[in-house]
Amino acid sequence: MSDLEVQPVAEPVPGLSQWQRVSDVFTAPSKTFEDIKRGNKSWWMPFVIFTLVGYILFAAVALKIGMQQVVDNQIHLNPKQEERMSQATPEQREMSAKISLYVTEGIFLANPLILLAAVAIGTLGLWGTINFVFGGKAKYGSIFAVWMYASLPGILKVLLGVIVIYAGTAPESFNIKNYAPTNLGAFLNPLETNPALYSLASSIDVITIWTMVLLGMGTAMVAGVKRNSGYIAVFGWWAIFVLIGVGIAAVTG
């Protein structure tokens, strides 16, 4: 009889369903990211959810606020632009209003494509950072899938915005750039607050921070590095873009 013991063969871990991944992002995010690390890189479910929720917001804004009102509000919130509009001829104001309306509606309608482009570009930067700066071994597709799932808390912000709209928010005070009370800027008057300070306050958003934590966790897991490295990479890029936004607001405000 052989002295060698037969080692049991490990059973392959079954992959999660798309709905399990979605629910685990909110309850046990490490399960979702481990599933992606095992090679299950499908990201179509969060994309479908984002598309549906985005069009729900579009419908709510169009029906309860009005797209022209959205455009007028944005002009009013930018004193320099409002001054230029007041100095323009009636024909110029009409043409500018039409262009702004078409652009605003176009952004809403093209939101799924804009989302994919933004995630693709962001993934490229994060993929390079975690691999070449922190010595990770993540694949681009894995980071892309992590980003899509880590962004799912954003649907809560959109749905909260819809609730706020239907709760009776005044159309004249609606700000499409800050439509839900999830950040400090939502509690400030943009016309009475320093533009740089308002930009910074708007960046300190509960949903954004939640998303960044998930993204840092997932990035570290699929890259095989310490979790702190994932957080530093994600929050480092976030801080850079926040500072750029604050700088632009300070110059143009």
Whole-Hz ³J(HN,Hα) from phi, Karplus 6.51 cos²θ - 1.76 cosθ + 1.60, for region 191-206, glycine and proline x: 7, 10, 10, 3, x, 5, 5, 5, 4, 5, 5, 5, 6, 7, 10, 4
Point-to-point label distance, residue 58-residue 124, nm (Cα→Cβ direction, 7 Å offset): 2.5
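Over its Cα atoms, what ratio of radius of gyration to 2.2 N^0.38 Å does the chain give? Mind dumping the intermediate values first?
On the way: Rg = 22.3 Å, N = 253, 2.2 N^0.38 = 18.0 Å.
Expressed relative to 2.2 N^0.38 Å, the Cα Rg reads 1.24.
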Stretchable slack from residue 251 to residue 23, in nm (0.36 nm times residue separation minus alpha-carbon distance): 77.8 nm
Mean-position separation - Cα centroids, region 227-253 and region 72-113, in angstrom: 28
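For a quick protection proxy, order the peptides 139-152, 159-172, 116-129 by their average other-Cβ count within 10 Å, most packed first.
139-152, 116-129, 159-172
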Burial ranking of peptide ranges 98-108, 198-208 (average Cβ count within 10 Å, highest at the top): 198-208, 98-108
Computed lengthening from residue 45 to residue 193, 0.36 nm per intervening residue step minus Cα-Cα distance: 49.3 nm
Extended-chain gain in nm, criterion 0.36 nm per residue less alpha-carbon gap, residue 226 and residue 186: 10.9 nm
Region 215-224 - phi-based ³J(HN,Hα) in whole Hz, Karplus 6.51/-1.76/1.60, Gly and Pro as x: 5, x, 4, x, 4, 4, 5, 6, 8, x
Computed over the chain: relative contact order in percent, which uses C-alpha pairs under 8 Å that are six or more apart: 24
Sequence of 31, 137 once ranked by neighbouring C-beta atoms within 10 Å, starting from the fewest: 137, 31
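Using the Cβ atoms and a cut-off under 12 Å, what net charge is assigned to the surroundings of residue 123, where Lys and Arg are +1 and Asp and Glu are -1? If you can, show how the numbers build up before the last one.
Working: positive: 41, 139; negative: none.
Local charge sum for residue 123: +2.
Every read-out reported here was derived from the displayed coordinates using simple, explicitly stated rules and does not represent laboratory data. Keep in mind the model is a prediction, meaning the values are calculated, not measured. Note that we place each Cβ from the backbone using ideal geometry, even for glycine, and neighbour counts take in every protein chain shown.
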